[in-house]
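Colleague: The structure's right below; bear with me while I get my questions together.
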C-alpha cells in the first residue's frame, strides 16, 4: 500500500504532536516562549513545527485540541453512567484542578486569537462544541426535547467557561458554590420533565 503525500504528512504531524504533548507533560507552552524554545524542549526542529503548525499559536491550538480530546474520552465514560449534573461536576473538577491552570490560561489565549482570525483556527473552533453535544445528549436522555436539551447544554457550557475565566482573572472572587450556580444557569430540567409529562397525560 502506497501512502499519498497528504497521508504521510498527516502521520508526521500526529507523531510530532504526540512528541509535543509528551514533552510538556499535559501542560502548554507559555505564549511568551518562542517556537525555537518549544522545538528545543520537544527535541525537534523549529522548521518542522513551522511546517506542520505554522506558528506558536498553531502549536497551542493543536495541543489544546488533542488534550481536550483525551479529556473528553474520560468525560464520555462518566456521561455513560451518570446524569447531566454528574457530568457538569466532572467537567468542573477536571478543569479547576491545580495542574490544569496552564491549559485553562492557554485555552483563553487561543480563543482570543481565534476571535480575530477564525479561519486560522477553524479546526480548534469546530472542536469547541464537544462538551455541549455530550451534555445535550444527557439532557435528552433525561427527558428534554432536542431543542431544549441543546439550549440547556449551551447555557451550561457558557457558564462553565465564564466562571473558569473569572477563576483565572480574579481567583479571589471565585464562588464557592460555582457548581450549584452552573446547574441553575443550565435550567430546570426536572421541571421541564414534569411539564412534558403532564402534557403527555392530556
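We did not get these values from a lab; they are worked out from the coordinates using the rules stated. Since the model is a prediction, treat every value here as computed from it, not as a measurement. Here Cβ is always computed from backbone atoms with ideal geometry, including for glycine, and neighbour counts include all displayed protein chains.
Colleague: Averaging the inverse of every distinct alpha carbon separation and then flipping it gives the Kirkwood radius. What is it for segment 33-113, in angstrom units?
Modeller: Values: mean 1/r = 0.0697 Å⁻¹.
That comes to 14.4 Å for segment 33-113.
Colleague: How many nm is it between the label spots at residue 74 and residue 158, if each spot is 7 Å from the Cα in line with the beta carbon?
Modeller: Going from the residue 74 label point to the residue 158 one covers 2.9 nm.
Colleague: Using every pair of alpha-carbon atoms in segment 19-158, split the distances into 10 Å bins beginning at 0 and state the percent of pairs per bin, rounded to integers.
Modeller: 11, 37, 31, 15, 5, 0
Colleague: Along the Cα→Cβ direction, 7 angstrom out, place labels at residue 43 and residue 66. What is the inter-label distance in nm?
Modeller: Each label point lies 7 Å from its Cα, and together they span 1.5 nm.
Colleague: Once you have the Cα-Cα distance between residue 181 and residue 166, take 0.36 nm times their residue separation minus that, and quote the gain in nm to one decimal.
Modeller: Working: separation 15, 0.36 × 15 = 5.40 nm, distance 1.35 nm.
So the chain would gain 4.0 nm between residue 181 and residue 166.
Colleague: If I model a spin label at residue 11 and residue 89 as a point 7 Å from the Cα along the Cα→Cβ vector, what separation in nanometres do I get?
Modeller: If labels sit at residue 11 and residue 89, their model points lie 4.5 nm apart.
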